[in-house]
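The values are calculated or read from the model by the stated rules, or taken from the named source; none is laboratory data. Quick caveat: nothing in here was measured; it's all calculated off a predicted structure. Backbone-built Cβ (ideal geometry, glycine too); neighbour counts: all protein chains shown. Accessible surface is based on the protein model in full, side chains and every heavy atom, while ligands, DNA and RNA are left aside. Shrake-Rupley method; radii C 1.70, N 1.55, O 1.52, S 1.80 Å.
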Amino acid sequence: LVFLPFEPLGLQYIKSALLTDGHEIDILDCLAKHPRKVRFLKEKNLFRCGSEEKYIEKTIKNFRPNIVGISGMFYSQAASFYRIADLVKEIDPTIFVIGGGAFPSAYKEKTLIENKNIDAIVIGEGENTITELVKNIDDLRKIKGICFRDQDSKEIICNEPRTVLESMDKIAFP
């Protein structure tokens, strides 16, 4: 198994949106960083590709983020996606963990039910949603295009959907 080492364009757009708003951001794409690291986990009967947990942990500890976003393309990657959320909270339980990408968008409630360490899901295109979420992290009910777990009641709440971007020219280019 070999993967092409390039960062997904979607993550680059998210980064550009946050940089435009003046936030400090770093992307760790585990496949792009370590494309030839492939291990078979016999106990789970699956291949694990990309950066090892120690590298991910070191990167998070060095950057010391308030928020960590995790992107997942396919539900078949859920175990790895959830493990990263768990690892983030083991490092620092106060870090706000956001899930995004195709599978969390499609399985938003299920994703939040299956992993209590994910604080919110960005549904669909995230460029506008993520900037609004970062600005209003203390009032998640007002942000269109997210699902989240209420900190008090633990109820899963899905807000009104965000409209689809009509033009890519309206967002910062990576």
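Taking N62, is it without any contact (Cβ under 8 Å) to a residue 40 or more places away in the chain, more than 14 Å from the chain's Cα centre (by Cα) and within 26 Å of Y107 (Cβ to Cβ)? Step through it out loud before you land on a result.
On the way: without any contact (Cβ under 8 Å) to a residue 40 or more places away in the chain: yes; more than 14 Å from the chain's Cα centre (by Cα): yes; within 26 Å of Y107 (Cβ to Cβ): no.
So N62 does not fit the description; no.
All but one of (1) surrounded by fewer than 16 Cβ atoms within 10 Å (Cβ to Cβ); (2) touching a Phe, Trp or Tyr at 6+ places or on another chain (Cβ under 6 Å) hold for E90, so report the exception by its number.
Of (1) surrounded by fewer than 16 Cβ atoms within 10 Å (Cβ to Cβ); (2) touching a Phe, Trp or Tyr at 6+ places or on another chain (Cβ under 6 Å), only one is false for E90: (2).
Counting just the residues of the stretch 15-37 that are surrounded by 14 or more Cβ atoms within 10 Å (Cβ to Cβ) and either among the β-branched types (V, I, T) or over 30 Å from G124 (Cβ atoms) (or both), which one comes out farthest from the chain's Cα centre (by Cα)? Outline the logic, then answer.
Residues of the stretch 15-37 surrounded by 14 or more Cβ atoms within 10 Å (Cβ to Cβ): 15-18, 21, 23, 25, 27-35, 37.
Keeping just the survivors that are either among the β-branched types (V, I, T) or over 30 Å from G124 (Cβ atoms) (or both) gives 25, 27, 37.
Working: I25: 13, I27: 10, K37: 21 Å.
Within the stretch 15-37, the match that is farthest from the chain's Cα centre (by Cα) is K37.
Which one of the conditions (1) modelled with pLDDT of 95 or more; (2) surrounded by fewer than 18 Cβ atoms within 10 Å (Cβ to Cβ) does A85 fail to meet, given that it meets all the rest?
Single failed check for A85: (2).
Can you list the strands (runs of 3 or more DSSP E) found entirely within the stretch 1-107 that contain at least 2 residues being hydrophobic (A, V, I, L, M, F, W, C) and under 26 Å from D138 (Cβ atoms)?
Passing ranges, in order: 67-71, 96-100.
Which of the residues that make up the stretch 49-74 are in contact with a Lys or Arg (Cβ under 8 Å, 6 or more places away or on another chain), over 18 Å from N117 (Cβ atoms) and open to solvent by 40 Å² or more (accessible area, probe 1.4 Å)? Please lay out each step first, then the result.
Of the stretch 49-74, the ones in contact with a Lys or Arg (Cβ under 8 Å, 6 or more places away or on another chain) are 49-53, 55.
Remaining after also requiring over 18 Å from N117 (Cβ atoms): 49-52, 55.
Once the filter is applied, which keeps residues that are in contact with a Lys or Arg (Cβ under 8 Å, 6 or more places away or on another chain), over 18 Å from N117 (Cβ atoms) and open to solvent by 40 Å² or more (accessible area, probe 1.4 Å), the stretch 49-74 yields E52, Y55.
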